[in-house]
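Working notes, structure below.
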Amino acid sequence: MNTKYITILIVILVATFGACTPDETEITVIPARDRAEQQLEDSDTLIEYLQTHYYNKSFFSDSSADYSKDDIIILELPQDDAGNYLPLPDPDDNELLITDVVVHEASFLSQDYEYYVLDLNPGIGGPTPNFTDDVSIAYTGFLEDGDIFDSNVNPTTLDLINVIPGWRDVLQDFKTAENGPIINEDGTISYNNYGLGVMFLPSGLAYFNSPPFGIPVYSNLIFKFELYASEANDHDNDGVFTHLEDTNGNENITDDDTDGDEIPDFLDADDDGDGVFTLFEDLDGDGDPTNDDSDGDGIPNYLDEDSTESNQTDS
């Protein structure tokens, strides 16, 4: 093939590929709804759900038994031909959710929310989790129409700083198991007297306008769960549990930055920026830097840039 034909072929190929290149596509991002307006809508929807659904209350009458989340049966009230709701079936066995849930309040992103909790084991158990703990939990998540979007069979360990905000609010009020883990003869693991309940969350305490696949935007979410255990986290390994690094007490660990270096304290190995690692400011060696205050000013050394004593020696 001579040079002339090679040149013509190159021109044709370039023109072809140029013609096939699509125009630049504009992606339209839909702005999030106003949280206050969405909360009003979510609240109405949740209350209607609780008023028109019931659960098998009498099944949980034995306070000494360990029930499962799968034992919790939630059903919609029957309706007549005109779509009107009929009375509660078998009222000796069942109860409307609205009668037994407890309403709680929480604030997230400057918006106040109400959420609802059904606690089916409020008695003796283990300690409640902190809002930054790892928790061992089994759960089933579903929408108001009953569609299940997530569920697990075996206990799963989750870091509460990585879950939706409603979980952090709810699980702090539930007790972990009184005993466990217990390794059974068949190799399975069990717990005794663990937290058992259902949470009913508005979309603002769930995924709001950014849900994962399978959950519509602005969906209220419902979770049945069994809470087994919790373990305090120290995300930066500085000797201070993460929940204690919430120095302003607002349960938002991202806005606590003692030294102003734009690294929140729970991820900062030197919280006060004095050049001494927080871990080394545990002067009495008890594993807790929060109770070491050399100058007696009420500020522990690891948050006091004027106190630079260290438990490290030069040897």
*Determine whether region 194-210 contains at least one residue that is farther than 25 Å from Asp44 by Cβ, open to solvent by 30 Å² or more (accessible area, probe 1.4 Å) and small (Gly, Ala, Ser).*
no
*asked:* Exactly one of these conditions fails for Asp66: (1) in a loop (DSSP other than H, G, I, E, B); (2) open to solvent by 50 Å² or more (accessible area, probe 1.4 Å); (3) within 30 Å of Thr156 (Cβ to Cβ); (4) out of contact with any strand residue (DSSP E or B) (no Cβ under 7 Å at 6 or more places or on another chain). Give me its number.
replied: (4)
_So Ile47, is it of a type outside the set (Phe, Trp, Tyr) and modelled with pLDDT of 95 or more_ = yes
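I'm checking my understanding of the structure. Among residues of region 57-66 that are within 27 Å of the chain's Cα centre (by Cα) and either β-branched (Val, Ile, Thr) or modelled with pLDDT of 95 or more (or both), which one is nearest to Tyr228 (Cα to Cα)? Can you show your working first?
Step one: of region 57-66, the residues within 27 Å of the chain's Cα centre (by Cα) are 57, 60, 66.
Filter again for either β-branched (Val, Ile, Thr) or modelled with pLDDT of 95 or more (or both), leaving 57, 60.
Working: Lys57: 22, Phe60: 18 Å.
Filtering first and then ranking leaves Phe60.
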*Would you point out which residue out of Thr242, Thr157, Thr176 is hydroxyl-bearing (Ser, Thr, Tyr), over 20 Å from Ile124 (Cβ atoms) and surrounded by 14 or more Cβ atoms within 10 Å (Cβ to Cβ)?*
Thr242
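Conditions tested, residue by residue: (1) modelled with pLDDT of 95 or more; (2) closer than 20 Å to Leu46 by Cα; (3) among the β-branched types (Val, Ile, Thr).
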position	(1), (2), (3)
Gln79	yes, yes, no
Pro91	yes, no, no
Val101	yes, yes, yes
Val117	yes, yes, yes
Pro165	yes, yes, no
Val170	yes, yes, yes
*Being small (Gly, Ala, Ser) and more than 19 Å from Leu244 (Cβ to Cβ) is the filter; apply it to region 257-293 and report the residue that is surrounded by the most Cβ atoms within 10 Å (Cβ to Cβ).*
Gly275
*In this structure, does Leu9 turn out to be under 26 Å from Phe131 (Cβ atoms) and either open to solvent by 50 Å² or more (accessible area, probe 1.4 Å) or modelled with pLDDT under 95 (or both)?*
no
*asked:* Tell me the residue from Ala32, Ala36 that is at pLDDT 80 or above, small (Gly, Ala, Ser), more than 21 Å from Tyr85 (Cβ to Cβ) and not in a helix (DSSP H, G or I), please.
replied: Ala32
*Is there a residue being of a type in the set (Val, Ile, Thr), modelled with pLDDT of 95 or more and assigned to a loop (DSSP other than H, G, I, E, B) anywhere in region 273-292?*
no
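The values are calculated or read from the model by the stated rules, or taken from the named source; none is laboratory data. Small disclaimer: the values here were computed from a predicted structure and weren't measured. Glycine gets a Cβ as well: all are built from the backbone with ideal geometry, and neighbour counts include every protein chain shown. Surface areas here come from the heavy atoms of the whole protein model, side chains and all, with no ligands, DNA or RNA. Shrake-Rupley method; radii C 1.70, N 1.55, O 1.52, S 1.80 Å.
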